[in-house]
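The values are calculated or read from the model by the stated rules, or taken from the named source; none is laboratory data. Values in this document were obtained by computation on a predicted structure and should not be read as measured data. Because the Cβ atoms are built from the backbone with ideal geometry, glycine has one as well, and the counts that use them run over all protein chains shown.
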Amino acid sequence: MDAAEELRNALAEHEIPADVHDGYGLAVVSVWVDLLVWCDGRRFWWRTEWNARQRRPVYAWHSALEPVQAAQRVARRYADLRREHPARPEERSACPQ
């Protein structure tokens with residue numbers, strides 16, 4: 001959970017709000033629609049796309065020892081998803097721009 005909290009704090013430096021939830025030896029950092037970052041204490045991983053040919057998601061991962069660098073990568077994915085799934089008008093006041 002410590003690594004997940006460090007990632008959440010690093011995401012906050014990018015003005016990206018996130019929540020951390022834990023249980024069963026894993027933590028999940030909930031960032032945005034279709035962006036959950038899982039952490040087992042050794043690495044972070046998150047879904048980046050869908051491989052239609054293989055019918056499965058494609059994941060990126062980063063060492064949990066580098067939460068700042070992982071946050072930079074997650075921030076890029078967040079920006080992509082914000083373009084694909086913009087906030088509804090009633091949510092915009094709660095989301096940093």
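Exposed (fewer than 15 other Cβ atoms within 10 Å of the Cβ), hydroxyl-bearing (Ser, Thr, Tyr) and in contact (Cβ under 8 Å) with a residue 12 or more places away in the chain: does that describe residue 24? Here the answer is no, as residue 24 does not meet what is asked. Return yes when residue 78 is surrounded by 15 or more Cβ atoms within 10 Å (Cβ to Cβ) and farther than 17 Å from residue 2 by Cβ and no when it is not. In short, yes. Within the range 31-44, being buried (at least 16 other Cβ atoms within 10 Å of the Cβ) and either of a type in the set (A, V, I, L, M) or modelled with pLDDT of 95 or more (or both) holds for 31, 35, 37, 38, 39, 44. In the range 45-63, the residues that are surrounded by 10 or more Cβ atoms within 10 Å (Cβ to Cβ) form Cβ pairs under 8 Å with partners that are in a loop (DSSP other than H, G, I, E, B), at six or more places apart or across chains, as follows: 47/34; 63/42.
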